[in-house]
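The values are calculated or read from the model by the stated rules, or taken from the named source; none is laboratory data. What you are looking at is a predicted structure, and each value in this text was computed from that prediction instead of being measured. When we count neighbours, we look across all protein chains shown, and the Cβ atoms used for this are built from the backbone with ideal geometry, even at glycine.
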Amino acid sequence: MHSYEVGLWIFLLAAFLGFELIRRVSPLLHTPLMSLTNAISSIAVVGAILVAGHKDASTLAKVLGCLAVTASTINAVGGYLITDRTLKMFKKRGER
Amino acid sequence: MTEILYPILYLFAAALYILALKWMNSPATARRGVWAGETGMLLAVVGTLLRFEVVEYHWIMLAFLVGAAIGAPLALKMPMTAVPQRTAIAQAFGALAAALIGTAELFEAHPHGFTLVALTVEMLLGYVTFTASLVAFGKLQELLPGRPMTYRGQNIANLSVLAIAMALGVAMNQTVDPTAIFPFFVGFSLLFGVLLIMPIGGADMPTVIALLNSYAGLSASAMGFAFDNKLLIVAGALDGSSGLILSIIMCRAMNRSFTNVLFGAFGTLQTSAKGEVEQRPVRSASPEEAASILDAARSVIIVPGYGLAVAQAQHKLREMYDILSKRGVDVRFAIHPVAGRMPGHMNVLLAEADIPYDKMVEMDEINGEFPMCDVALVIGANDVVNPAAKNDPTSPIAGMPILEVDQARTVMIIKRGMAAGFAGIDNELYYMDKTLMLFGDAKSFVSSLVKELGAQVAA
């Protein structure tokens, strides 16, 4: 099997898993859910590091790669922090 | 050694991401979910830095520091009412990262075959989402006019731009030197992003924000195909399906289709309907009268809308909730899925004011309770309580599920004036015999209610 074929299978399964997981999330938490998935998608930082830090990287690749690392770090740090900040506010009665 | 280590770290990271979403299903475990997400990200980054082909660290470390220095204040200082804007700008950054990585890889690795296809998809989604999120941010932050911007032939123009961008993408995959076509491809992708959001008005923002979230995820997934990285594929697919589900929920809550949201320019109806609004008598009440009705009630359901967020009235509302609860009045909050500017917006707003989340009730659960409730108090919401959605098949919002406040014994509506709501449709609710209009700014009116309720205790 080609590696992209394996990739497509993984994509298929992960997408269905995502549907099942998200369907169970209470509408109460839809806003923090969005900031969390946003932070999760900043996993793009992995690609950015591979481009920027590659041993044969040209100047162009280094510049674009480092910009991408910065952008995804903003997203990751900001996303996780605000999700936690939002969730901290959700309290039950008597929990104040 | 490290070559065995990083795939294992990636595997753990993917597992943690899945757990993060699983734990998000209840407020009790949700913060653990954030922890899982953070740890997953950390493992992925460490694993990547350990890979043998990664040799340059200095600039990457600097980029981490700069990113953290910008990202942290953005998250910690931003007022909670600005959460929709923050989400939009974060999506712009995420999409930009994906687009830049795709670009670098295109010029560096001279890809072909399936890798080039994946990179093209990644860049198309990345650049489109980048400008689309920026325009959405501008609209939410009110740097751009929030009303839909429309003109004749808009849909044809937009679809043509998308078609050209996609054709250029296909062309890149057919030529020897894709970098020659690349600038045009990027130009048209960026342009389409702008055009896509221009006709979107405030009420459609929840759907669109969720949809852009989905695109950003799919872009990361496409990157995973280009880099042959399974972790990226999994994380991107999770994000992509999450955004898609949320936008489907939003569409359903408005009884509209995707195409209608993206190409229907909902808010334009407003101009045609405005002239027909007739002058009919309404009953209004002073804060004093309203307070004594609330005080006499046994159960009160409050329906918050975007107007509550605009007026920043949530803290005053909490004070009112406290007074009424202390007197044994059962106070609950009815949340419509599309109230506000992003999914779950109202819940965050009320939670910020320390209103317990077990008092916030979803539409389907609370609708049966309205006939038993003494007072339904609507604050800054309009279309989501308009009975025309049920009763008038010709109404533009016909079929949209609404909060059935018209079933309550008394309806009170805090509103600045008699202007129609976002969809520009007159609301039958205002003219019912049991309806009392409370004219004024949401924050100052709720403050007066709190004052009156306090005075009645003293008396």
Scanning for something assigned to a loop (DSSP other than H, G, I, E, B), surrounded by fewer than 15 Cβ atoms within 10 Å (Cβ to Cβ) and of a type in the set (A, V, I, L, M), does segment B:14-29 turn up at least one residue?
yes
B:A20 passes all but one of (1) at the interface with another protein chain (Cβ under 7 Å from one of its Cβ atoms); (2) of a type outside the set (D, E, K, R); (3) under 30 Å from B:T179 (Cα atoms); which number fails?
(3)
Please go through segment A:56-96 and give me each residue that is within 17 Å of the chain's Cα centre (by Cα) and of a type in the set (S, T, Y), ordered by number.
A:T70, A:S72, A:T73, A:Y80, A:T83
Quick test of your reading of the structure: B:A75 fulfils all but one of (1) within 7 Å of chain A (Cβ to nearest Cβ); (2) surrounded by fewer than 16 Cβ atoms within 10 Å (Cβ to Cβ). Name the failing condition by number.
(2)
Within segment B:246-272, tally of residues that are at pLDDT below 75 and in contact with a Gly (Cβ under 9 Å, 6 or more places away or on another chain):
8
In segment B:78-91, what residues are of a type in the set (A, V, I, L, M) and either within 14 Å of the chain's Cα centre (by Cα) or buried (at least 24 other Cβ atoms within 10 Å of the Cβ) (or both)?
B:M80, B:A82, B:V83, B:A88, B:I89, B:A90
For A:G53, all conditions in the list (1) surrounded by 24 or more Cβ atoms within 10 Å (Cβ to Cβ); (2) closer than 30 Å to B:M205 by Cβ; (3) more than 19 Å from the chain's Cα centre (by Cα); (4) of a type outside the set (K, R) hold save one; what is the number of the exception?
(2)
Quick check: anything in segment B:71-89 under 30 Å from B:E3 (Cβ atoms), of a type in the set (A, V, I, L, M) and at pLDDT 90 or above?
no
Do you know which residues across segment B:230-258 are of a type outside the set (A, V, I, L, M, F, W, C), in contact (Cβ under 8 Å) with a residue 60 or more places away in the chain and crowded, with 24+ Cβ neighbours inside 10 Å?
B:S242
Determine, yes or no, whether B:G94 is closer than 19 Å to B:L231 by Cβ and at pLDDT 95 or above.
no
Within segment B:37-65, which residues are small (G, A, S) and touching a residue at least 12 places away in the same chain (Cβ under 8 Å)?
B:G37, B:G40, B:A44, B:G47
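Scan segment B:307-349 residue by residue and report those that are at positive phi and within 14 Å of another protein chain (Cβ to nearest Cβ).
Residues of segment B:307-349 that are at positive phi, as a first pass: B:312, B:328, B:340, B:344.
Within segment B:307-349, B:G340, B:G344 qualify.
Quickly run through segment B:110-131 and pick out the residues that are in a loop (DSSP other than H, G, I, E, B) and either among the acidic types (D, E) or touching a residue at least 40 places away in the same chain (Cβ under 8 Å) (or both).
Applying the first criterion (in a loop (DSSP other than H, G, I, E, B)) to segment B:110-131 yields B:110-112.
Matches in segment B:110-131: B:P111 only.
Could you grab me the full set of residues in segment B:382-420 that are of a type in the set (K, R) and not in a loop (DSSP other than H, G, I, E, B)? First the steps, then the outcome.
Step one: of segment B:382-420, the residues of a type in the set (K, R) are B:390, B:409, B:415-416.
Hits for segment B:382-420 are B:K390, B:K415.
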For segment B:363-375, does any single residue satisfy the condition of being surrounded by fewer than 22 Cβ atoms within 10 Å (Cβ to Cβ), under 19 Å from the mean Cα position of the chain (by Cα) and closer than 17 Å to A:P32 by Cβ?
no
Search result, residues across segment B:393-421 that are of a type in the set (V, I, T) and modelled with pLDDT under 85:
B:T394, B:I397
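I'd like to check something: does segment B:273-286 contain any residue that is assigned to a helix (DSSP H, G or I), modelled with pLDDT under 90 and surrounded by fewer than 23 Cβ atoms within 10 Å (Cβ to Cβ)?
In the first step, residues of segment B:273-286 are kept if they are assigned to a helix (DSSP H, G or I); the result is B:273-274.
Subsequent filtering for residues that are modelled with pLDDT under 90 retains B:273-274.
Restricting the remaining residues to those that are surrounded by fewer than 23 Cβ atoms within 10 Å (Cβ to Cβ) gives B:273-274.
Checking segment B:273-286: at least one residue is assigned to a helix (DSSP H, G or I), modelled with pLDDT under 90 and surrounded by fewer than 23 Cβ atoms within 10 Å (Cβ to Cβ).
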If I filter segment B:78-89 for residues that are in contact with a His (Cβ under 9 Å, 6 or more places away or on another chain), part of a helix (DSSP H, G or I) and within 7 Å of chain A (Cβ to nearest Cβ), do I get at least one hit?
yes
Among the listed residues B:G424, B:G380, identify the single one that is under 24 Å from the mean Cα position of the chain (by Cα), modelled with pLDDT under 90 and closer than 30 Å to A:R85 by Cα.
B:G380
Which residues, taken from segment A:56-87, are facing chain B (nearest Cβ under 7 Å) and loosely packed, with under 15 Cβ neighbours inside 10 Å?
A:S58, A:L60
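Given the residues A:I22, A:I49, which is the only one that is under 23 Å from B:Y57 (Cα atoms) and either of a type in the set (A, V, I, L, M) or at the interface with chain B (Cβ under 7 Å from one of its Cβ atoms) (or both)?
Values: A:I22 fails: under 23 Å from B:Y57 (Cα atoms).
Of the residues listed, the single one that is under 23 Å from B:Y57 (Cα atoms) and either of a type in the set (A, V, I, L, M) or at the interface with chain B (Cβ under 7 Å from one of its Cβ atoms) (or both) is A:I49.
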